Amino acid sequence: MKAKKTSARRLATILGAVTALAATWGATPAFAQAQPQANTTEAVRQRGTLRCGVQGPSNPGFGAPDSRGEWQGFNVDICRAIATMILGDPSKISIVPLSTQARFPALQSGEIDVATNSTTWTMQRDAQLGFNFPAIVFYDGQGIMVRRSLGIDSATKLDGATVCVPPGTTTELNVTDWFRARNLRFTPLVIESRVELTRAYDAGRCDAITYDATILYAQRTTLQNPQDHVVLPERLSKEPLGVAVRHGDDRFHDIVGWAVFTLINAEELGITRTNVREQLNSRDPQVRRLLGVEGALGETLGISNDFGLRMIEALGNYGEIFDRNLGPATPLGVDRGINRLYTNGGILYAPPNR
């Protein structure tokens, strides 16, 4: 009996030493169960399509079906750019329209591969919900829209107004904080459905409506007389809108990020949808690397080296995608503002393709 107790103590001592040593090395014991790493890129290749979550059922300018039932919009084009990176074909996408409440469970469960639905990058979503944001695609902020007939040019003149606002969101908290900080009063009209909230505003049940400015521009196109409404200049919050992926898949994270960065760098280098073939003869090393004429940048991601050429030829650069879906010539009429390149007075800036 004494020998058994001694053996048990000795085993406990050995196990304790192993555990302590593993902790010192910052590692887990060799007999710990290894956690498998996801391989979204390979799953997309085997499936033959990239599944992208977008705001649904419709968000004009960012993601909405056209008259033929085909999805179009800024966020849809970002999805196409990622599909080009992996599959070499921008048409190989599957669009999954999702509500604000359904987007995160859909990404966590694997129903979608990437969320391109104007998701704000926050610390909680990054650290607690387990998402990564490989790149910001649009710098936004919460805004307020009013009727032109009110004759006001600033949200500071809305003291005592009734404001349509979605419940239980940071949107509601932001507008409350903004009015309180300026000692202004307002009465919230709270409706959960975005469609119904917009209808309430259009029917005159509130003086103003608040959402992210991009959403306001999109919703304005659904009003009876869009030209009678204006988005005021104030921004009540910071809303860096990014593409979101799951934690634990570095390769897919890198591919998604470099899809966006390549679009931005192409605009900075003057590579467009119309001149991209001519640019293959450029002597600029940056242009040649981006288009895959020299170097092997694609191989470092496990994709074709000419991904930049295929992407720009199919979709254009970031500025072209913006103008086509959101710019002054579209029903939304969004000014690029801070989403201009840093060389043109904005803050849009990407790491170099090299």
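Is it possible to state the helix-based mean residue ellipticity at 222 nm for the chain, with each DSSP H run of 4+ residues giving -39500 (n - 2.57), the sum divided by total residues, to the nearest 500 deg cm²/dmol? What is it?
On the way: 13 runs with 134 residues, N = 354.
For the chain, the value works out to -11000 deg cm²/dmol.
Summing Lys, Arg as +1 and Asp, Glu as -1, what charge do residues with Cβ under 15 Å from the Cβ of Val230 carry, Val230 excluded?
That sum, taken over residues with Cβ under 15 Å, equals -1.
If you bin every alpha carbon distance in region 143-272 into 10 Å steps from zero, what whole percent lands in each bin?
In whole percents, the pair-distance histogram is 11, 36, 24, 18, 11, 0.
Tell me the carbon and sulfur percent of the accessible area for the chain, rounded to whole percent, probe radius 1.4 Å.
Details: 8940 of 17520 Å².
After summing per-atom areas, the C and S share lands at 51 percent.
Nothing charged except the Cβ atoms of Lys and Arg (+1) and of Asp and Glu (-1): what's the magnitude of the dipole of the chain about its Cα centre? Round to the nearest 20 debye.
1440 debye
For region 228-281, take the convex hull of the Cα atoms, compute a quarter of its surface area, and give me that in nm², please.
Its average projected convex-hull area is 7.7 nm².
How would region 177-244 be classified by its alpha-carbon gyration tensor: rounded, prolate or oblate, with rounded meaning a/c under 1.5 and the a/b versus b/c comparison settling the rest?
Details: a/c = 1.57, a/b = 1.09, b/c = 1.44.
Verdict is oblate for region 177-244.
Write down Rg/Rh for region 124-212, rounded to two decimals, with Rg from the C-alpha atoms and Rh from the Kirkwood relation over Cα pairs.
Values: Rg = 14.9 Å, Rh = 14.4 Å.
We get a ratio of 1.03 for region 124-212.
Taking only protein heavy atoms and a 1.4 Å probe, what accessible area per residue, in Å², does the chain have with all protein chains in place?
Heavy-atom SASA per residue in the chain reads 49 Å².
Rank by packing, highest mean first: peptides 311-322, 242-253, 121-132, 193-204, with packing defined as the count of other Cβ atoms within 10 Å averaged across residues.
311-322, 242-253, 193-204, 121-132
Please report the antiparallel percentage of the DSSP beta bridges confined to the chain, to the nearest 5.
Values: 21 of 37 bridges.
Percent antiparallel among DSSP bridges in the chain is about 55.
Under the classification rounded if a/c is under 1.5, otherwise prolate if a/b is larger than b/c and oblate if not, where does region 28-177 fall, given a ≥ b ≥ c as square roots of the Cα gyration tensor eigenvalues? Could you put the intermediate results ahead of the total?
Values: a/c = 2.97, a/b = 1.55, b/c = 1.92.
Oblate, because a/c is 1.5 or more while a/b does not exceed b/c.
Have a look at Val114, Val276, Val190 and tell me which one the Gaussian network model of the chain (Cα, springs below 10 Å) gives the largest fluctuation.
For the chain, modelled as a Gaussian network with Cα springs under 10 Å, the answer is Val190.
Rounded if a/c is under 1.5, else prolate if a/b beats b/c, else oblate: with a ≥ b ≥ c from the C-alpha gyration tensor eigenvalues square-rooted, which is the chain? Please report the intermediate quantities before stating the final value.
Values: a/c = 2.32, a/b = 1.33, b/c = 1.75.
Here the chain falls in the oblate category.
Would you work out the relative contact order for the chain, in percent, from Cα pairs under 8 angstrom that are 6 or more residues apart?
In percent, rounded to a whole number, it is 19.
At R0 = 22 Å, how high is the FRET efficiency between Thr100 and Asp66 if r is their beta carbon distance? Nearest 0.05 is fine. Don't skip to the answer; put the middle values down first.
Working: r = 23 Å, r/R0 = 1.05.
After rounding, the FRET efficiency stands at 0.40.
When the Debye formula is applied to the Cα atoms of region 56-112, each taken as the same point scatterer, what base-10 log of I(q)/I(0) results at q = 0.18, 0.28 Å⁻¹?
-0.66, -1.17
The values are calculated or read from the model by the stated rules, or taken from the named source; none is laboratory data. None of these values were measured; they are calculated from a predicted model. Cβ atoms come from the backbone with ideal geometry, glycine included; neighbour counts cover every protein chain shown. These accessible areas exclude ligands, DNA and RNA; they are computed on the full protein's heavy atoms, side chains included. Shrake-Rupley method; radii C 1.70, N 1.55, O 1.52, S 1.80 Å.
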